[in-house]
Amino acid sequence: MRIATLFLASLAAANPANPLWATEFPKLSFQHHDWELACDNTRTCRAAGYHAEEGRNRPLSVLLERRAGPGQAFDMKLRLGDADDGIDLPATLAMQVDGRALGSVKLTGEESIGNLSASQAQALLRAVAGSGKVSWRAGGLTWSLSGKGASAVLLKMDEFQGRLGTPSAAMRKESRSEQDVLPPLPAPLVTAAPVPAGELAPMGKEEERILLATLRKTAGNEDCGDLEAIATGESKFAYAPLTSTTMLVSARCWRGAYNEGYGYWVANRKPPFGPVAVTQSGTDYDKGVIGASHKGRGIGDCWGHDEWVWDGRRFVHTASSTTGMCRGIAAGGGWTLPTLVSRRPAAGAR
């Protein structure tokens, strides 16, 4: 299952006319065979490659990260699947490209992630951009990286960052000036507004009836099927204070085999409620922050995450990411592949 495609599609379907989603940032999510790409709104791109899905291959993934702007090199990491036949992961791996030894990679930390040297990174890049073979060995075992889909992903990355035809392009290197490469963009600064603690008491039946009727008519709520459970008493609204006159209303919208999504609306505390949808795929709310976390499949090795922050007037979409393909790299996912990032003021800053 393609977590990036399915999760982001569900969010888009839940918010087709939401003005809070109206701001457009440069971003990109792309998958092809055993490789995927996520480029965020600062123009930083991250490509992840995996073992071949066909056959019996030991799970591994590499992460290629590159910031926007001229003169930026690739930062490359390696991670082995931590549920591979119950074996103990090695601390050091010997790297080979087309059978040629390229030194070792040391895996460190609780996640056992290794950093590739500059020469190893360049050799890997050349190999996967063509038909080269990349592998790592330890203790008589071999982990092989698939190159299927890599050239398409690297081409998309170059195009997104404006590197096509420049000497630093991963694909299609030419002599166009590096000064033509697109510059990085600053992550938007979002200042969270304080909200009152606790929840609001349930409204009276007549007010809830009016609220429910209003939500049913609100654009974009057609996919919130579980609103009908409110009408039958099988489910309930929850209310959280935002300001002295506004509140956050939530109710379950849908439920699947291992995921569920809650609708969140900013509304007046009294009729006319004038609800404005934030998302219909939320999963939690705490102190002015709505979160959404969904599995790509039941075993939980791939996830999608989103976040919205209350700034005193509205909920701002501040983060969107997946953890990569469902390839058994790690419980909770192998990497963080964002398409939307933001900044928060430092503590004490105004």
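Go through the stretch 269-326 residue by residue and tally those that are assigned to a strand (DSSP E or B), open to solvent by 40 Å² or more (accessible area, probe 1.4 Å), within 27 Å of ARG46 (Cβ to Cβ) and of a type in the set (D, E, K, R).
3
Restricting to the stretch 254-268, give me the number of residues that are without any contact (Cβ under 8 Å) to a residue 40 or more places away in the chain and assigned to a loop (DSSP other than H, G, I, E, B).
Residues meeting the conditions: 2.
Which of (1) free of Cβ contacts under 8 Å to residues at least 24 places away in the same chain; (2) surrounded by 15 or more Cβ atoms within 10 Å (Cβ to Cβ) is the odd one out, the single condition ALA192 does not satisfy?
(1)
Check SER151, SER135, SER144 and return the single one that is part of a helix (DSSP H, G or I) and closer than 15 Å to VAL62 by Cα.
Every option except SER151 fails the conditions.
Residues being touching a residue at least 60 places away in the same chain (Cβ under 8 Å), surrounded by fewer than 20 Cβ atoms within 10 Å (Cβ to Cβ) and in a loop (DSSP other than H, G, I, E, B): count how many of those fall in the stretch 163-184.
So the count comes out to 4.
If PRO70 meets every condition in (1) in contact (Cβ under 8 Å) with a residue 60 or more places away in the chain; (2) in contact with a helix residue (DSSP H, G or I) (Cβ under 9 Å, 6 or more places away or on another chain); (3) assigned to a helix (DSSP H, G or I) apart from one, which number is that one?
The number of the failed condition is (3).
Looking for whichever is open to solvent by less than 10 Å² (accessible area, probe 1.4 Å) and among the aliphatic types (A, V, I, L, M) here; the options are ALA94, ALA52, ALA73, ALA68. Which one fits?
ALA68
Where the second residue is open to solvent by 80 Å² or more (accessible area, probe 1.4 Å) and of a type in the set (D, E, K, R) and the first is outside the structural domain of ILE329 (by the TED database) and under 19 Å from GLY139 (Cβ atoms) and lies in the stretch 104-122, which pairs have Cβ atoms under 9 Å and are six or more apart or on separate chains?
Taking only residues 6 or more apart or on different chains, the pairs are SER112/ASP82; GLY114/LYS106.
Restricting attention to the stretch 258-268, report how many residues are over 12 Å from LEU242 (Cβ atoms) and either open to solvent by less than 60 Å² (accessible area, probe 1.4 Å) or modelled with pLDDT of 95 or more (or both).
Residues that pass the stated criteria total 5.
Do you know which residues across the stretch 139-148 are in contact with an Asp or Glu (Cβ under 7 Å, 6 or more places away or on another chain) and open to solvent by less than 20 Å² (accessible area, probe 1.4 Å)?
The answer is SER146, and nothing else.
Confirm whether LEU37 is at pLDDT 95 or above and either hydroxyl-bearing (Ser, Thr, Tyr) or not assigned by the TED database to the domain that holds TRP335 (or both).
yes
Within the stretch 199-238, how many residues are in a loop (DSSP other than H, G, I, E, B), more than 10 Å from ARG252 (Cβ to Cβ), open to solvent by 50 Å² or more (accessible area, probe 1.4 Å) and not acidic (Asp, Glu)?
Adding up the residues that qualify gives 4.
Considering only residues that are basic (Lys, Arg) and touching a strand residue (DSSP E or B) at 6+ places or on another chain (Cβ under 9 Å), look in the stretch 327-350 and name the one that is least open to solvent (accessible area, probe 1.4 Å).
Looking at residues that are basic (Lys, Arg) and touching a strand residue (DSSP E or B) at 6+ places or on another chain (Cβ under 9 Å), I get ARG327.
Against the conditions (1) hydrophobic (A, V, I, L, M, F, W, C); (2) open to solvent by less than 10 Å² (accessible area, probe 1.4 Å); (3) closer than 16 Å to ALA170 by Cα, where does TRP136 fall short? Just the number, please.
(3)
The values are calculated or read from the model by the stated rules, or taken from the named source; none is laboratory data. What you see is a predicted model, and the numbers here were worked out from it, not measured in a lab. Note that each Cβ is placed from the backbone with ideal geometry, even for glycine, and that neighbours are counted across all protein chains shown. Surface areas here come from the heavy atoms of the whole protein model, side chains and all, with no ligands, DNA or RNA. Shrake-Rupley method; radii C 1.70, N 1.55, O 1.52, S 1.80 Å.
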